[in-house]
1. Is it the case, given these coordinates, that residue 45 is part of a loop (DSSP other than H, G, I, E, B) and either crowded, with 17+ Cβ neighbours inside 10 Å or at pLDDT below 90 (or both)?
2. Among 108, 47, which is the only one that is within 16 Å of the ligand (Cβ to nearest atom) and in contact (Cβ under 8 Å) with a residue 12 or more places away in the chain?
3. Would you mind stating whether residue 16 is touching a residue at least 24 places away in the same chain (Cβ under 8 Å), over 21 Å from the mean Cα position of the chain (by Cα) and surrounded by 16 or more Cβ atoms within 10 Å (Cβ to Cβ)?
4. Could you grab me the full set of residues in the range 5-29 that are touching a strand residue (DSSP E or B) at 6+ places or on another chain (Cβ under 7 Å) and either within 12 Å of the ligand (Cβ to nearest atom) or not in a strand (DSSP E or B) (or both)?
5. Within the range 157-171, is even one residue farther than 18 Å from residue 130 by Cβ and outside any helix (DSSP H, G or I)?
Ligand code: CA
């Protein structure tokens, strides 16, 4: 099990790294937000311990960057603040747990072990994103550039599918089977109509356009 610690305070960082190593876990240490995001995005970590107040990017920005990049490893926040707002913010952004400083190492280790046991698969992101488009799976809400988008249940399911597989061209038949539970031959016009409506809601009045038709193949959602 490999853990990344992102902590700018040298004493705390070294102490955590040493403690985790002694507990039989592998631990790397990043000392600022950029470094942390880079390492967490490229290394194969099972858990990230993330300080909130960091030079460069703060802990929330690092977490946002990770989730946006599709990294779903559990994240344990270390926060010196004990305000409910901050905890809620961290948890909403997809943190899995938090500890308020100062904490006992034994408690940190217990939380780390719990998170590692839960594993990656159970920790799917709950907000899917592309550019400034966000789909909140828990609240069942979509927004773009901070503006709320009202979607029907089918449109929501369609957008969720496109976002989960962004960058991939999805054939109409696949969309029909996943979103409508239909066979290809039934009525793919339904898919075309739904995509057109969804695109009007998601892309009209916004840049960049996210949903594209790939002629003869299907549809793709991508931010590039
Ligand atoms: Ca700090």
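The values are calculated or read from the model by the stated rules, or taken from the named source; none is laboratory data. Quantities reported herein were computed from a predicted structural model and do not represent experimental measurements. With ideal geometry, Cβ positions are generated from the backbone for all residues, glycine too; neighbour counts draw on all protein chains shown.
1. yes
2. 108
3. Against the criterion (touching a residue at least 24 places away in the same chain (Cβ under 8 Å), over 21 Å from the mean Cα position of the chain (by Cα) and surrounded by 16 or more Cβ atoms within 10 Å (Cβ to Cβ)), residue 16 qualifies.
4. 5, 6, 7, 8, 13, 16, 17, 20, 21, 25
5. Taking every residue of the range 157-171 in turn, at least one turns out to be farther than 18 Å from residue 130 by Cβ and outside any helix (DSSP H, G or I).
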